[in-house]
Amino acid sequence: MPPSAQPPRVRFAPSPTGFLHVGNARTALYNWLFARHTDGAFLLRIEDTDLDRSEIRHETQLMEDLLWLGLDWDEGPGVEGPHAPYRQSERLGIYREHTDRLLTEGKAYRCFCTAEGLEAERHEAATAHKPQVYSGRCRAISDADSAARAAAGEPFAVRLLIPDHPLCFHDMIRGEVEFPSETVSDPILVRSSGIPVYNYVVTVDDALMEITHVIRGDDHISNTPKQVAIYEAFEWKPPQFAHLSTILGSDRERLSKRHGATSVASFRAMGILPEALVNYLALLGWGAEGGTRELFSLEELVHEFRLERVTASPAVFDFEKLHWLNRHYLKAADPERIAELAWSHFVSAGLLPSHTAAWQVTTAAVEAWFGKLLALFLPAVSQLDDLPVKAAFVFRFNPSAAHTGDENAAILATDAAQKVLAAFSARVEAHSGPVTPDQFKAWMNEIKAETGAKGRELFHPVRIVLTGSHSGPEFDKLIPIIEEGSRLSLPVHVLGVRERIEQFMSNSR
């Protein structure tokens, strides 16, 4: 970039009408990466002119989600700058001033058409197989008549007078794009309610906030010619446009809730790490030079990101790929950080006390035990909210369910299983004190020699007694978890080996 050129300025401008969708999160990420790579500025602007649907809780949530992803902003709510305010609901006076200017210069006009009249016009055009665009009938109203009717209180909208030439723009991803003026008609700038429309306010704000690059989803391509016309009306230089491809579900339809989680808040609640989600979103339509690398930190993405490597082809959201990345980052993360994040999921499952209370009353022994528990089960999960399900048997052992499961019942019904369990029970009853992995291993060797059972015949019945299932973690790691947990003061009492075999054998009678 030449020294005299203006540093790039980009913006992310969400509407606070719901949760932050991963498609919008990717848009925010690409804008942020572009700004950081080019030493530019990243602005956050809240587009809340839809007063009926906009809610402060959604605004708060989306800002929390952006910061959770690591995407900070240089100007915007909470980080005031020279172009404040950054909420459109606080900029209505600015839009009124610019509307008055367009009316005065004859580049916009008042439209007194009723909703019923416009619907009849659309129906007539559809019947005649003509484009369903506004006819421009209010263009012919003189300035004097228009002003008089407005002064008399007749409701009106304000429409932009579209020039009689094609509306063109260069898309940095798709190349040259052109729309004939007759397909655009004269778009409404301000509704009869006095509320300005999206295409109008976004253009005014982008111009006044000196946005140099508009990077957004391709669902906005049809909006762009209207915005180009507004730039022309004010004699402003348009920014450069880059329209990102749509994100699809596995059925190649637009990603929606029917495909599963689609909001950043949902992925947070599931226990997807922010570094995994950022890494994955970056790959949805972009790839680094060479095209084979898939693991990137946020800092590495800043270094590698180029808009030129963004593709116009739709990207398919692959949950398995996201889980693969999350498993990688779970493994690489600081164990203390994972323990803190995982604790809340055990709280939600009713297995542990709330985080705050826990850290006030638990001992170092409990924290150490929880760390061992996570080390045992973390390799088997793709997201943190799977942990309580995997580890539930440690906290809540159900001997009745262990007996009645179809596969378990078939295993336990064999003579070999009965002999193994009888021998195991006898050793547990004769033993005093905790059961160590070495003690357990010695017992299993003795039982093998005594009963002749080996492999699955030997280990499956014992595993059912201890876990309720014939498959699970390795015994040398599981036994200490069960035994140590039974000696800790936890809200849900963890049964030790002795208690489990006693309850199981009692239930068998």
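Just so you know, all these numbers are worked out from the coordinates, no wet-lab data involved. This one's a predicted model, so the numbers in the text were calculated from it and none came from an experiment. A quick note on method: Cβ atoms are made from the backbone with ideal geometry, for glycine too, and the neighbour counts reach across all protein chains shown.
In square nanometres, what is one fourth of the surface area of the convex hull spanned by the alpha carbons of region 452-498? Spell out each step's value before the answer.
On the way: hull surface 14.7 nm².
Projected over every direction and averaged, the Cα hull of region 452-498 covers 3.7 nm².
Dipole of region 233-276 computed with +1 at Lys/Arg Cβ and -1 at Asp/Glu Cβ about the Cα centre; of Ala233, Ala276, Ala265, farthest Cα towards the positive end is Ala265.
Apply the Debye scattering formula to the chain, with a single equal point scatterer on each alpha-carbon and no solvent, then give log10 I(q)/I(0) at q = 0.05, 0.06, 0.12 Å⁻¹. Here log10 of I(q) over I(0) equals -0.34, -0.46, -1.09.
Here is the short version for the chain: Cys113, Cys168 have no other Cys C-beta closer than 4.7 Å.
As a test of the formula, what do you get for the chain when each DSSP H run with n ≥ 4 contributes -39,500 (n - 2.57) and the sum is divided by the residue count, at 222 nm and rounded to the nearest 500 deg cm²/dmol? Walk me through the numbers before you get to the answer.
Numbers: 22 runs with 249 residues, N = 509.
Value at 222 nm, helices only: -15000 deg cm²/dmol.
In a simple Cβ point-charge model (Lys, Arg +1; Asp, Glu -1; nothing else charged), the chain has a dipole of about 1240 debye relative to its Cα centre.
With all pairs of different C-alpha atoms in the average, the Kirkwood value for the hydrodynamic radius of region 127-193 is 14.5 Å.
Using only alpha-carbon positions, what ratio does the radius of gyration of region 1-91 give when scaled by 2.2 N^0.38 Å? Could the numbers behind the result be given before it?
Working: Rg = 13.5 Å, N = 91, 2.2 N^0.38 = 12.2 Å.
Here the Cα radius of gyration is 1.10 times the empirical estimate.
Plugging the Kirkwood radius over Cα pairs into Stokes-Einstein for region 397-508, at a temperature of 37 °C and a viscosity of 0.692 mPa s, what D comes out in µm²/s? Numbers along the way, then the final one.
Values: Rh = 14.1 Å.
Value of D from the Cα-based Kirkwood radius: 233 µm²/s.
Quick one: angle between helix 475-486 and the longest Cα principal axis of the chain, in degrees between 0 and 90, rounded to 10, please. That helix lies at roughly 90 degrees to the long axis. With both residues required to sit in the chain, DSSP beta bridges show an antiparallel share near 55%. Computed from the alpha carbon positions, the gyration tensor of region 91-244 leads to an equivalent ellipsoid with semi-axes of 27, 20, 13 Å, biggest first. Positive end of the dipole of region 147-194 (Cβ unit charges, origin at the Cα centre): among His170, Val184, Ala157, the Cα lying farthest that way belongs to Ala157. Taking Cα atoms only, the orientation of helix 437-451 departs from the longest principal axis of the chain by about 60 degrees.
Working from the Cα coordinates of region 178-288, the gyration tensor eigenvalues give, after taking √(5λ), semi-axes of 33, 17, 16 Å in decreasing order.
The count of lysine pairs in the chain that are at least 8 places apart or cross chains, and whose C-alpha atoms lie under 13 Å apart, stands at 4.
Taking amide H positions as modeled 1.01 Å from N, with prolines and chain starts lacking one, the residues under 5 Å from Leu189 and 5 or more places away or on another chain are Val158, Arg159, Leu160. Exposed loop sites, defined as GluC sites (Glu not before Pro) outside DSSP H, G, I, E and B with at most 16 other Cβ atoms within 10 Å, are absent from the longest region of the chain, namely 295-473.
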